[in-house]
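Just so it is clear, none of the values below were taken in a lab; they were calculated from the coordinates. As the structure is a computational prediction, the values presented were derived from the model and not from experiment. Glycine gets a Cβ as well: all are built from the backbone with ideal geometry, and neighbour counts include every protein chain shown.
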Amino acid sequence: MAPKVSKADKKIAYDKKLCNLLDEYTQVLVAVADNVGSTQLQNIRSALRGDSVVLMGKNTMMKRSIRIHSENTGNKAILALIDLLVGNVGLIFTKGDLKEVTEEVAKFK
């Protein structure tokens, strides 16, 4: 049996993943995920696979990671994301056209 991973280790891994995505991708789409089922979310992830990444998480963790990443890199533009992290939201990172990604997500309504 694999050793159990602590909450602190999970938070560190999540922070690292979010920071890597903020560095790698040029555009971020904030998607409201209220009344979205797990099957629907998995279908969206599979449709976007390849050019986009969907990241869900706790708002406080996302806000903290964004603040720290902004301080470390000096990129103040990403601080605008913090105001949008209200309620049940997910971040969709993409290098492609935001309109195409929005249309692809809308197919699964």
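Report the FRET efficiency, 1/(1 + (r/R0)^6), for ASN43 and LEU84, where r is their Cβ-Cβ distance and R0 is 25 Å, rounded to 0.05.
On the way: r = 24 Å, r/R0 = 0.95.
Computed FRET efficiency for ASN43 and LEU84: 0.55.
Give me the three principal axis extents of segment 8-107 from the C-alpha atoms, as integers in angstrom, largest value leading.
37, 28, 23
Between SER6 and LYS107, with labels modelled 7 Å along Cα→Cβ, what's the label distance in nm to one decimal, could you check?
In this crude label model, SER6 to LYS107 measures out at 4.4 nm.
Straight distance only, please: which aspartates and glutamates reach the Cα of LYS99 with their own Cα at less than 16 Å, same-chain residues fewer than 8 apart left out?
ASP51
Taking R0 as 25 Å, what's the FRET efficiency between MET61 and THR26 from their Cβ-Cβ distance, rounded to 0.05? Display every interim value, and only then the final one.
On the way: r = 23 Å, r/R0 = 0.90.
The formula returns an efficiency of 0.65 here.
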